[in-house]
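The values are calculated or read from the model by the stated rules, or taken from the named source; none is laboratory data. Here the structure is a predicted model, which is why all the values come from computation and not from measurement. Cβ placement follows ideal geometry from the backbone for every residue including glycine, while neighbour counts extend to all protein chains displayed. Just the protein is used for accessible areas: all its heavy atoms, side chains included, with ligands, DNA and RNA removed. Shrake-Rupley method; radii C 1.70, N 1.55, O 1.52, S 1.80 Å.
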Amino acid sequence: MNRVTSTAYDSPVGPILLTFVDEALVRLHVCHDGIDLARAEIAQRLGIVPEPDASVGRGLVAQLDEYFDGARRAFDVSLDWRFVRGFTRAALEATRQIPYGEVASYGEVSMMAGAPRAARAVGTACASTPFSIVVPVHRVVRADGSIGEYGGHPEVKEYLLSLESDAMLAETLLTST
């Protein structure tokens, strides 16, 4: 029997609900509509109410703290892909190849995922990711360089991209002095 747990994380982009099946992250959800609604949503999808347990997510919480402090470039967490199927997974795996502080277009990601004509499907995959931030869909932009909607919250995408570009700039300034 799998153990399903969750913990809340207070981030600069709003409250985040981290949900785990055993030790693997099954969903990282920025809760624009509140933690309670996110808990109810994930309970319905999993068919079980996650047990509150901050200890399971402690490692990811520390990594998120480092990320938001500009000190972490990638996440080291096991992912439970049960909510991701087919090309969506290939697209999300491809976004993990986009370097920290850089962006790629939906078309570029579709090529990286092995389906050069599937830019729209990449957009759908990014919009439906269960692993926001950890799988960096915020690094995927439109062909014209504009950032897009990001689930109706472009300000979050803008914040994450600025956070990464500012951290890269600070690192460049430190190494050039």
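Rounded to the nearest 20 debye, the dipole size of the chain about its Cα centre is 740 debye, using +1 on the Cβ of Lys and Arg and -1 on the Cβ of Asp and Glu. Within the range 39-71, none of the trypsin sites (Lys or Arg not before Pro) combine a DSSP coil assignment with at most 16 other C-beta atoms in a 10 angstrom radius. Using a probe of 1.4 angstrom and keeping all protein chains present, the accessible surface of the chain works out to 51 square angstrom per residue.
Convex hull volume of the C-alpha atoms in the range 84-155, normalised per residue: 78 Å³.
Rounded to the nearest whole Hz, the Karplus-based 3J(HN,Hα) values (6.51 cos²θ - 1.76 cosθ + 1.60, θ = phi - 60°) of the range 113-119 follow the sequence 8, x, 9, x, 9, 10, 4, with x at glycine and proline. If R0 is taken as 22 Å, the Cβ-Cβ distance between ARG85 and ALA43 corresponds to a FRET efficiency of 0.60. Helical runs assigned H by DSSP (4 residues or longer) give the chain a calculated mean residue ellipticity at 222 nm of -12500 deg cm²/dmol, each run adding -39500 (n - 2.57) before division by the residue total. Here the calculated FRET efficiency for GLU51 and ARG117, from their Cβ-Cβ distance with R0 = 35 Å, stands at 0.20, rounded to the nearest 0.05.
Converting phi to 3J(HN,Hα) with the Karplus coefficients 6.51, -1.76 and 1.60 and the offset θ = phi - 60°, the range 73-90 yields 9, 8, 9, 10, 9, 6, 10, 9, 8, 4, 8, 10, 10, x, 4, 4, 5, 4 Hz in sequence order, with x at every glycine or proline. Counting only heavy atoms of the protein chains and using a 1.4 Å probe, VAL13 has close to 20 Å² of accessible surface. Over 28 Å apart: what share of the alpha carbon pairs of the chain falls there, rounded to a whole percent? The calculated P(r) of the chain puts 23 percent of pairs beyond 28 Å.
Charge tally around VAL56: other residues with Cβ under 14 Å, Lys/Arg +1 each, Asp/Glu -1 each, net -2.
With the convex hull drawn over the C-alpha atoms of the range 1-44, the volume per residue is 61 Å³. Taking Cβ atoms as reference points and 13 Å as the exclusive limit, the residues near PRO136 contribute a net charge of +2, counting Lys and Arg as +1 and Asp and Glu as -1. The alpha carbon centroids of the range 113-129 and the range 40-78 are separated by 24 Å.
Cβ under 14 Å from GLN97's Cβ, GLN97 left aside: what net charge do those residues give with Lys, Arg +1 and Asp, Glu -1? So the environment of GLN97 carries a net charge of +1.
Which length gain, in nm to one decimal place, applies between THR172 and ASP65 when the Cα-Cα distance is subtracted from 0.36 nm times their residue separation?
Values: separation 107, 0.36 × 107 = 38.52 nm, distance 2.15 nm.
That works out to 36.4 nm of additional length.
Comparing SER55, SER105, SER165 in a Gaussian network model of the chain, where Cα atoms under 10 Å apart are tied by springs, the biggest mean-square fluctuation is seen for SER55.
Taking +1 at the Cβ of each Lys and Arg and -1 at the Cβ of each Asp and Glu, which of LEU160, ALA71, GLY107 sits farthest along the dipole of the chain towards its positive end, judged by Cα position relative to the Cα centre? My answer, from the dipole projection, is GLY107.
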